[in-house]
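Scroll down for the structure; my scribbles are underneath it.
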Amino acid sequence: MRDGIYKSLPIPRWWKRALHSCEREAERGETLHRLVERAIETDARKEITPRFLKQLMRVISLDESLLPGLGQLQNIRDSRELGGMNMPLENGVLAKARILYNRGHRDQDMLVEALSECFFQREESIYSQAQPLYLKKYGKGAGAFLSAFRDAQKNAPVRTIANRIIKGERRPNSKMRRPIDVDSDDLSKPL
């Protein structure tokens, strides 16, 4: 993407790709949903280290057995103390986990909820950065683009993505080919 309204927008290219697909009516459906899901997961993989997640899960599991107020989670200042890179998403997950801990959540589902909330905040940040650009360029015609992006945000499976990130799994490839049957003699079918 060499030019366009996204050139000056300070967001990663995977989010720019998702925003760019909002402009094309043919890509506003399934393609946009897939790009938003991929952008959320790419953000998480770039900014949240596996070591940070393992250490945070360890702290959460230790704090489950303690009385409220005696856990280690409240004493951790930033993600570096848990082996993280001090990235905004890591620190956001840590802050959300502390808030949920104070509300009485003391299980592994707390981490899924913290990740989901951080993903939603990231989506909102991207939307709020893109909205003035759309309104400036398209005026009242920007409503279709913005509503398409908002719809993709609402339908993004953030809890599923959070579970995959925690487990260390990759997103299933939608373009997987059918398996080859080595015992079959029928080579006329295309792969």
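The values are calculated or read from the model by the stated rules, or taken from the named source; none is laboratory data. Quantities reported herein were computed from a predicted structural model and do not represent experimental measurements. A quick note on method: Cβ atoms are made from the backbone with ideal geometry, for glycine too, and the neighbour counts reach across all protein chains shown.
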> Can you spot a residue in the range 69-80 that is assigned by TED's automatic domain parsing to the domain that holds Gln153 and either of a type in the set (Ser, Thr, Tyr) or touching a Gly at 6+ places or on another chain (Cβ under 7 Å) (or both)?
Replying inline: no
Condition set surrounded by fewer than 16 Cβ atoms within 10 Å (Cβ to Cβ) and of a type in the set (A, V, I, L, M, F, W, C), scope the range 133-174, selection farthest from the chain's Cα centre (by Cα): answer is Leu135
- Quick one: would you say Val59 is of a type in the set (Val, Ile, Thr) and outside the structural domain of Arg150 (by TED's automatic domain parsing)? yes
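Taking the stated definitions as given, is Gly69 modelled with pLDDT under 90 and on the phi > 0 side of the Ramachandran plot?
Working: modelled with pLDDT under 90: yes; on the phi > 0 side of the Ramachandran plot: yes.
Here the answer is yes, as Gly69 does meet what is asked.
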